[in-house]
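See structure below.
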Amino acid sequence: MELNPDAKVRAINELITRKNIIKNKEDICFGSRVTQRTFDEIEVAIRVLYPSNHDFISEWKDISVVIKKTDMKSYDRALDYNVVRDDIISNTIGLINKITSDYRKYRGEIFGSANVDSLSKAINICKRFGHVVDVMKNRYASRPPLLMNDEYDVQDLLHALLKIEFDDIRSEDGVSSTFNRNARIDFVLHKEKIVIECKMTRAGLNDKEIGKQLIEDILKYTKHPDCGHLICLVYDPTGLIVNETGIQNDLNNYKNVLSTTFLRVK
């Protein structure tokens, strides 16, 4: 797979998005325009990623042949249709999983992976972030507390904590955006191939928006040569995140695109 920083990443995201759609089997009706458009978009994405002689293209052609012959209206029994429908969906999801795994493997061969020991240290620092903040709130001799008032405060404290273990910390390293949104990597551990991106919850930044931003970050950072692993640190001091599991599940859809750790700390 030839890595094109923009078209390829968009195609991978398209495949993952369509995979999530076709997982809802009851919504898939072969013979309808909506379902046909969904699978047409899958084909377009696959063809962006691979040349016409690739094995994945051949595998898709086999699936496509069955799709073209399948029409819900032509089946007398719903059970017979469901068997064919489920088989098409299973084969398509299996192919998409192979493609995303191939993308991650190819990316790893080009950019390398994160240092395991360093990654463990970085994750531990992030996990303890909330405890450090709590200590800073209760200072000696009634001194005023050191509070995290916004995301910049979070960045400053995290930067200081990372200095305990790491020397080469590159902050605010700009990345071109796949989604035309200004992007910034908060901290790049260049030698260790680790990126730490931190956010702080606030009014209006709900679970859905946080999940959306983190997915966009994953797709942007997959193009960054110093990102073998992305740590997404979300500082949530007032408990605004309602469904942490939902965010994690959404990010898990992209586990074959870029190795990622999601941490929500209070």
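The values are calculated or read from the model by the stated rules, or taken from the named source; none is laboratory data. Just so you know, these numbers come straight off a predicted model, no measurement behind them. Glycine also receives a Cβ, built like all others from the backbone with ideal geometry; neighbour counts cover every protein chain displayed. Keep in mind that these areas ignore ligands, DNA and RNA; they rest on the heavy atoms of the full protein, side chains included. Shrake-Rupley method; radii C 1.70, N 1.55, O 1.52, S 1.80 Å.
Can you give me the Cα centroid spacing of region 19-39 and region 245-266 in angstrom? About 26 Å separates the Cα centre of region 19-39 from the one of region 245-266.
Computed from phi, the 3J(HN,Hα) profile of region 134-142 under the Karplus parametrisation 6.51, -1.76, 1.60 (θ = phi - 60°) reads 4, 5, 5, 6, 10, 9, 5, 6, 6 Hz, with x in place of Gly and Pro. Computed in the context of the full set of protein chains, the accessible area of the chain at 1.4 Å probe radius has 47% of its extent on carbon or sulfur. The string of couplings for region 19-28 from the Karplus curve (6.51, -1.76, 1.60, θ = phi - 60°) is 4, 5, 5, 6, 4, 7, 4, 5, 8, 8 Hz, one whole number per residue in order, with x for Gly and Pro. Computed across region 53-204, the Kirkwood radius stands at 20.5 Å (inverse of mean 1/r, all Cα pairs). Altogether, the Stokes-Einstein calculation at 10 °C and 1.306 mPa s, with the Kirkwood radius of the chain over Cα pairs as Rh, returns a diffusion coefficient of 77 µm²/s. Listed cross-link partners K19/K73; K137/K220; K19/K191; K127/K208 are compared with a 29 Å cut-off, the Cα-Cα value being larger for K137/K220; K19/K191.
The H on the amide N of F30, modeled in the peptide plane, is under 5 Å from the matching H of M72, each at least 5 residues off or on a different chain. For region 202-247, the per residue solvent-accessible surface stands at 38 Å², with DNA, RNA and ligands left out and a 1.4 Å probe.
Across region 160-169, rounded Karplus estimates of 3J(HN,Hα) from the backbone phi angles (6.51 cos²θ - 1.76 cosθ + 1.60, θ = phi - 60°) give 5, 5, 5, 5, 5, 10, 10, 9, 8, 10 Hz, Gly and Pro being marked x.
Solvent exposure of region 11-92 amounts to 58 Å² per residue of accessible area, where only protein heavy atoms count and the probe is 1.4 Å.
When +1 charges are put on Lys and Arg Cβ atoms and -1 charges on Asp and Glu Cβ atoms, the dipole computed for the chain relative to its Cα centre reaches about 240 debye.
Set against the 2.2 N^0.38 Å expectation for a compact globular protein, region 1-79 has a Cα radius of gyration ratio of 1.22.
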